[in-house]
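The values are calculated or read from the model by the stated rules, or taken from the named source; none is laboratory data. From a predicted model like this one, the values you see are computed outputs, not experimental measurements. For neighbour counting, all protein chains shown are included, and Cβ atoms are generated from backbone atoms with ideal geometry for every residue, glycine included. These accessible areas exclude ligands, DNA and RNA; they are computed on the full protein's heavy atoms, side chains included. Shrake-Rupley method; radii C 1.70, N 1.55, O 1.52, S 1.80 Å.
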Amino acid sequence: MSLAEGVRRGNVRATAKLITLIENHPESAVEDLRALHPHTGNAHIVGITGSPGVGKSTLTDALAKRWRKDGARVGIIAVDPNSPFSGGALLGDRVRMQELATDPGVFIRSMGARGRLGGLARATHNAIRVLDAGGKDVILVETVGVGQSELDIVQTADTVVVGLVPGMGDDIQSIKAGILEVADVFVINKADRPDARRLMMELQTMLDLDPEKGSAWQPPIERTVATTGEGVDMLMAAIRHHWEHLTRSGELEQRRRDRYEAELQAVVEDYWRTRFFEYWQREGHWEQMVEQLLRKETDPFSAARRLLTPFLDSESRRVGL
Amino acid sequence: MFDRDALRNLEQQKDEWERGPVAKTLEQFGERSEEFRTTSELPVERLYTPLEVAEADYQRDLGLPGEYPFTRGIQPTMYRGRLWTMRQYAGFGNAEESNRRYKYLLEQGQTGLSVAFDLPTQIGYDSDHSLSQGEVGKVGVAIDSLADMELLFDGIPLDQVSTSMTINAPAAILLAMYAALARKQGVALDRLRGTIQNDILKEYVARGTYIFPPRPSMRLVSDTFAFCAEQLPNWNSISISGYHMREAGCNAVQEVAFTLANAIAYVQAALDAGLDVDTFAPRLSFFFDAHNDVLEEVSKFRAARKLWARIMKERFGAKKARSQMLRFHTQTAGSALTAQQPDNNVVRVTLQALAAVLGGTQSLHTNSREEALALPTEDSVRLALRTQQVIAHESGVVNTVDPLAGSYYVEALTREIEDRVNAYIEKIDELGGAARAIEQGYIQREIQESAYTHQKDVESGERVVVGLNKYRIAEEPPTNLLRVDPVVERQEREKLVQLRARRDNARVTETLEGVRRAAAGRENLVPRLLEAVDAYATLGEICDVLRGEFGVHQASVVF
Amino acid sequence: MAEQPIRVLIAKPGLDGHDRGAKVLARALRDAGMEVIYTGLRQTPEQIAATATQEDVHVVGLSCLSGAHLELFPRVVQLLREHGAGDILVLGGGTIPSEDISVLKEHGVAEVFTPGASTQEVVEFVKRSVNL
């Protein structure tokens, strides 16, 4: 039985193994992903992002439990950074999801970002595809959340939930730094803190000033205390509401078209890049060209032409032109 | 403290000494290390003289024993009057077995009891709960109901002993059981002496036996403060503990800093609940670790006393002297013991115990040699107790108060620790107090950083641990360790079945409903808990009611 | 960065709250280039086995200082086998008397590290055993 078949039958071990393969040897996972592709597109992909201390894992846990109450099958991917020194990582998000571990309707995967800076791992996208094809109704994707701009999630999720928390000082700053545009739903977590109301008002003011105000979807601001479950019903309702908006307005199709286009572009680029460097690794001359540049014997444009021409020739010959 | 001219002369003299004899010696022999540090990484100079303590003011910084700021001790005569309480932490298996160990220890000259509970009891599960599997009676005695408590203290009149109970999240329930038992024995509550640990904040940080979220947990703490102030005037309503944070890896400075920061949070919570500081502060007690670096530990205890006196007087306006006194229990450092060459541990424990005594402890537990591997046997516990008795009766250090005072090194180190602790407390205040600092993971991170550094230093050999990374021998692993009979778990389950059949279940339901109502409202919970335990409601049943009202703490992990 | 990092689950089965060793080891494994999943306190064997399977780890490290290891460790091994994940290496650590070590090994625990073991020993053992 192939891993893809295992995934389709809901086999946990096969699902886990395929995700590992995607992480370590993506080229070897192509056949399985090809087989799974027709079965994707059913899951609602929800991104959860925000600064450290926002309670992303606790929110993810609370949302997953809420969805489970309705009988939905839930996939969770939680991404954490790897150490730039050792390459290792401490993946601790599951601590807040302990009760979900043994729920057969939930699959959780912790993922090291492995050097990627956009908030997700290179493998996240295809791991989502695996969970989607495996029959998950909702896939919650928790980003690294170290405070930098994490734009990967916009490329990946249908609904982006941006978490904020009162009393962290830098919240409004980070909103200015571009979170405003990516959020489909805002959630103020730890809303039992005294300064929650102020944060809410500041955020509302900022949304009112947004030039895009008046467009079809206005990001709602929900308030939760995820540790007690307070407000989680409303948060889920808002996320679902956004999903309905996406499907009804045709925006879902547009988003997915954009996403496929981006992916296709990436796959093609990746293919050409790999072939090109393989060719020049075989042929040599690369180092030599760099040396010539250094000695001003050539310029980068002529050098590129001298590298590309024989490569394109060889590719044309290969396809019989 | 010193004459200015004399100091100037000394400074010149010391300078010449360093350039002369010291330089010459260094040329010939060198020193063992570039720099010397205490186990807490505090720098240690070659020599301490009046110059290093020139800033000190005797009246302000030391004072007399029994007087503010209590640096030299909390009583005027210290051990010339009464020795410290020798209190061995014990408990395993079932109540009957632990009762036998207590009686044995009392016969051997121990002067106070210290009850270790098993993990299900500490986390509020009955012995027949699924999560209790494999844990019943393992690290302490299993107590499910008042019936077990009756067996545990069978033949031990509660007005004759002082009893310390290491119990935190369900501390109020165990206190209620103890009080209910006293009533049955005909002992008035105001005659009970002892301590409940009741320190929930450090459970979130280091020890892990939390149940409820911080807010209702702090309410339980305040409720016990109020109840004790009213009904158990001789009971220590809390033992604010640095021990477990130190065992989790922090250093001596951090131990004092985090303990006092937690203490500040408890005092503040009680004040916020409307209590007057001088009603409950005299019953606050502390619990510290004693490690191998003897002089650093002595300085630590002295600094802690001084710091607490200042905090209570200046920050909280406490007026009673007893409110300003830091009274503490000490346990020797489990984490300093090695599984290799376990007899070496006897020597370590001796040094640690000596540090605690020189530091003026009120009570002391000495660990047994095999505790890196298992619970101690009777023989090992006796040896550990004898260690205290030798220090008390043969070493002579007990015959004068605070004998190391005036040592230039100890005074300088006391001051250094004090300053560093103050810096930490300031930082924690900035973060919004201990509870917030814990929530943000600040304290946990500090501890883990120290623990990891320590481990790396041991593995690199920079820090020598005799028998572990130096002076190793080939040895057989020790045998005849104490084992808890797995049959205990089955017996405890059977006892519960019988109890539930025997007791008045209507009264149980009714009193549990009383607990639930009190938990949902604002009245003091302890009297309702007393009614419930008296009706033989089990610990697990009561905790389930509280879990329903309070919720459970969601752990978070910090790296 | 290693092409294929070793993945390890460090878990605390049972009610024991002493996590100093588990956390120090988790950091040491991280610093040795591994991806370490840490799940916190009070894990049941069922939770540990399910987590190990979903995370597709090479190694599960169990830490227990409460004396409940004989009940808990073999149960994890057994559940992993039931999940079809019997190839995952299970290691144990904590205050474990020597006579229990052979019992644990009979029940499929690959190695047991007792107090005084260095984190480097564990790192070496994992690297040697996983052998990617």
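Annotations for the structure displayed:
- Counting Cβ atoms of other protein chains within 10 Å of each residue's Cβ and taking the mean over peptide A:107-113 gives 5.
- Amide H contacts of B:Ser162 (H built 1.01 Å from N, under 5 Å, at least 5 apart or other chain): B:Leu113
- Zero-based 5 Å bins, Cα pair distances in segment A:18-80, whole percents: 4, 13, 18, 18, 18, 16, 10, 3
- Annotation: Cα Rg of the protein assembly as shown relative to the compact-globule expectation 2.2 N^0.38 Å equals 1.04.
- Placing A:His241, C:His58, C:His69 in order of accessible area, with the largest value first and a 1.4 Å probe, yields A:His241, C:His58, C:His69.
- Cα long-axis angle, helix A:12-24 against chain A (0 to 90 degrees, to the nearest 10): 50 degrees
- In the C-A interface, the accessible area buried, summed over both sides, Å² (probe 1.4 Å): 2600 Å²
- Over the C-alpha atoms of chain B, the Rg to Rh ratio, Rh being the Kirkwood estimate, stands at 0.99.
- Helices of chain B meeting both criteria, an alpha-carbon length of 20 angstrom or more along the long axis and an average Kyte-Doolittle score not below 0.0, with helices taken as full DSSP H segments, are B:171-185, B:252-272, B:344-358.
- Compared with the dominant Cα axis of chain A, that is its longest principal axis, helix A:232-249 is turned about 50°.
- Peptide A:32-45 - average C-beta neighbours from other chains (10 Å radius): 0
- Cα principal axis extents for segment A:261-319, largest first, Å: 40, 27, 17
- Taken residue by residue and averaged, Cβ atoms of other chains lying within 10 Å of the Cβ of B:363-372 number 1.
- What you get for chain B, charging only the Cβ of Lys and Arg (+1) and of Asp and Glu (-1), is a dipole of about 1080 debye around the Cα centre.
- Aspartates and glutamates whose Cα lies under 13 Å from that of B:Lys456, excluding same-chain neighbours fewer than 8 positions away: C:Asp31, C:Glu121
- Note on B:Val115: accessible area is roughly 0 Å² with a 1.4 Å probe, heavy atoms of protein only.
- For the peptides A:67-75, A:103-111, B:2-10, B:459-467, residues were scored by their other Cβ atoms within 10 Å and the scores averaged per peptide; the highest-first order is A:103-111, A:67-75, B:459-467, B:2-10.
- Taking the charge dipole of segment B:4-53 about its Cα centre, with +1 at Lys and Arg Cβ atoms and -1 at Asp and Glu Cβ atoms, the residue from B:Phe36, B:Leu26, B:Leu7 reaching farthest to the positive side is B:Leu7.
- Computed label-point distance, nm, for sites A:Trp272 and B:His393 using a 7 Å Cα→Cβ extension: 9.2 nm
- For the protein assembly as shown, a simple Cβ point-charge model (Lys and Arg +1, Asp and Glu -1, everything else neutral) yields a dipole of about 1000 debye relative to the Cα centre.
- For chain A, the equivalent ellipsoid derived from the Cα gyration tensor has semi-axes of 39, 25, 19 Å, listed largest first.
- For B:Lys320, a cut-off of 29 angstrom between C-alpha atoms picks up these lysines, skipping any fewer than 8 places away in its own chain: B:Lys202, B:Lys300, B:Lys306, B:Lys427.
- With Cα atoms, 0 to 90° folded angle of helix A:124-133 axis to chain A main axis: 70 degrees
- The figure for B:Glu150 is an accessible area of roughly 60 square angstrom, using a 1.4 Å probe on the protein chains alone.
- Cα gyration tensor shape for segment B:158-460, rounded if a/c is under 1.5, else prolate or oblate: rounded
- When nucleic acids and ligands are ignored and a 1.4 Å probe is applied, B:Trp17 ends up with an accessible area of around 90 Å².
- Amide H contacts under 5 Å for B:Thr85, placed H, 5+ residues apart: B:Ser363, B:Leu364
- Taking only Cα atoms of segment B:34-169, radius of gyration then Dmax in Å: 22.5, 64
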